[in-house]
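The values are calculated or read from the model by the stated rules, or taken from the named source; none is laboratory data. Remember, predicted model here, so these are calculated numbers, not experimental data. Every residue, glycine as well, gets a Cβ built from its backbone with ideal geometry; the counts of neighbours run over all protein chains shown. Each accessible area value is taken on the protein alone, full model and side chains, heavy atoms only, with ligands, DNA and RNA left out. Shrake-Rupley method; radii C 1.70, N 1.55, O 1.52, S 1.80 Å.
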Amino acid sequence: MSQARDIEMAPNNATRERLAKEHGIKGIPLLSTLSSISFPSSFPFDFMHLIWENLIPNLIEFWTGNFKDLDHEDEGYFIEPHIWNEIGAATAACKATIPSAFGAAVPNIAAKQTPISAEMYSNWTLYIAPIVLHGRFKSDQYYRHFMQLVELLKLCLAFEISEAMLNQIDEGFQLWVVEYEK
């Protein structure tokens, strides 16, 4: 809120615009005047950005050896470039058999030519990747780990989530992260 106040109190439009761009906000939100709302704890995490535009692209970068400056070559999760290209071609071929009602067609995920939307990452992760990634990792434990993530994501996307499912999601993600960090 202090950044929002700084923007509101800026001495001129140029400073206001610079601060707004720097902080990613335009000013004090109208909802902040309500005593029943607490910024940011009153708002849920953004699933689309956390999962489809962050976690999944980062996993792909990790598996293909493009994540940070790590040496991935001899790791069991590393997918060789020629195998990743096969996965990309198989992904692109799926669009011929998936009705458009299921969402935007996923392009060749190995080619960086077409931007991939959150919807495409979602469809790829939940429906295509379980097939095209099967048997592609050097060590099968990484495929099983990915499939645990897929099952957790499906639970998160259920139309109704029971208390038991919520506990399963909570415990499942804790275990998934512990396994990821090993």
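Which numbered condition trips up Phe173, out of (1) more than 16 Å from the chain's Cα centre (by Cα); (2) open to solvent by less than 90 Å² (accessible area, probe 1.4 Å)?
With respect to (1) more than 16 Å from the chain's Cα centre (by Cα); (2) open to solvent by less than 90 Å² (accessible area, probe 1.4 Å), Phe173 is out only on (1).
Exactly one of these conditions fails for Leu31: (1) open to solvent by 50 Å² or more (accessible area, probe 1.4 Å); (2) part of a loop (DSSP other than H, G, I, E, B); (3) at pLDDT below 85. Give me its number.
Result: Leu31 fails condition (2) only.
Between a first residue in the range 16-35 that is on the phi < 0 side of the Ramachandran plot and a second residue that is among the charged types (D, E, K, R), which pairs have beta carbons less than 6 Å apart while being 6 or more apart in sequence or on different chains?
Listed pairs, sorted by first residue: Leu19/Asp6; Ala20/Lys26; Ile28/Glu8.
For residues that are in a helix (DSSP H, G or I) and of a type in the set (Asp, Glu), scanning just the range 151-163, find the one that is most open to solvent (accessible area, probe 1.4 Å).
Glu163
Quick check: anything in the range 60-81 under 20 Å from Ile128 (Cβ atoms) and more than 21 Å from the chain's Cα centre (by Cα)?
yes
Taking the criterion of being within 30 Å of the chain's Cα centre (by Cα) and not in a helix (DSSP H, G or I), would at least one residue in the range 5-19 satisfy it?
Within the range 5-19, none of the residues are within 30 Å of the chain's Cα centre (by Cα) and not in a helix (DSSP H, G or I).
With respect to the numbered conditions (1) of a type outside the set (Gly, Ala, Ser); (2) at pLDDT below 95; (3) open to solvent by 80 Å² or more (accessible area, probe 1.4 Å); (4) in a helix (DSSP H, G or I), which one is the sole condition not fulfilled by Gln148?
The single condition Gln148 does not satisfy is (2).
Yes/no matrix, rows are residues, columns are (1) in a loop (DSSP other than H, G, I, E, B); (2) crowded, with 16+ Cβ neighbours inside 10 Å:
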| site | (1), (2) |
| --- | --- |
| Glu22 | no, no |
| Ile25 | yes, no |
| Ser41 | yes, no |
| Trp84 | no, yes |
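Take the conditions open to solvent by 90 Å² or more (accessible area, probe 1.4 Å) and under 15 Å from the mean Cα position of the chain (by Cα) and apply them to Pro115. Does it pass? Lay out the reasoning, then the answer.
Working: open to solvent by 90 Å² or more (accessible area, probe 1.4 Å): yes; under 15 Å from the mean Cα position of the chain (by Cα): yes.
Here the answer is yes, as Pro115 does meet what is asked.
So, in the range 49-76, exactly how many residues are modelled with pLDDT under 90 and in a helix (DSSP H, G or I)? Outline the logic, then answer.
Applying the first criterion (modelled with pLDDT under 90) to the range 49-76 yields 49, 65-76.
Pick out the ones that are also in a helix (DSSP H, G or I) and you get 49.
Adding up the residues that qualify gives 1.
Does Phe137 qualify as being open to solvent by less than 40 Å² (accessible area, probe 1.4 Å), at pLDDT below 95 and either more than 14 Å from Thr91 (Cα to Cα) or under 14 Å from the mean Cα position of the chain (by Cα) (or both)? Break it down stepwise before answering.
Details: open to solvent by less than 40 Å² (accessible area, probe 1.4 Å): yes; at pLDDT below 95: yes; either more than 14 Å from Thr91 (Cα to Cα) or under 14 Å from the mean Cα position of the chain (by Cα) (or both): yes.
For Phe137, the condition - open to solvent by less than 40 Å² (accessible area, probe 1.4 Å), at pLDDT below 95 and either more than 14 Å from Thr91 (Cα to Cα) or under 14 Å from the mean Cα position of the chain (by Cα) (or both) - is met.
Under the condition of being open to solvent by less than 50 Å² (accessible area, probe 1.4 Å) and more than 16 Å from Asp140 (Cα to Cα), which residue from the range 47-59 is farthest from the chain's Cα centre (by Cα)?
So, considering only residues that are open to solvent by less than 50 Å² (accessible area, probe 1.4 Å) and more than 16 Å from Asp140 (Cα to Cα), the one farthest from the chain's Cα centre (by Cα) is Pro57.
(1) out of contact with any Gly (no Cβ under 9 Å at 6 or more places or on another chain); (2) within 20 Å of His49 (Cα to Cα): which one isn't true of Glu119, the others all being true?
Result: Glu119 passes all but (1).
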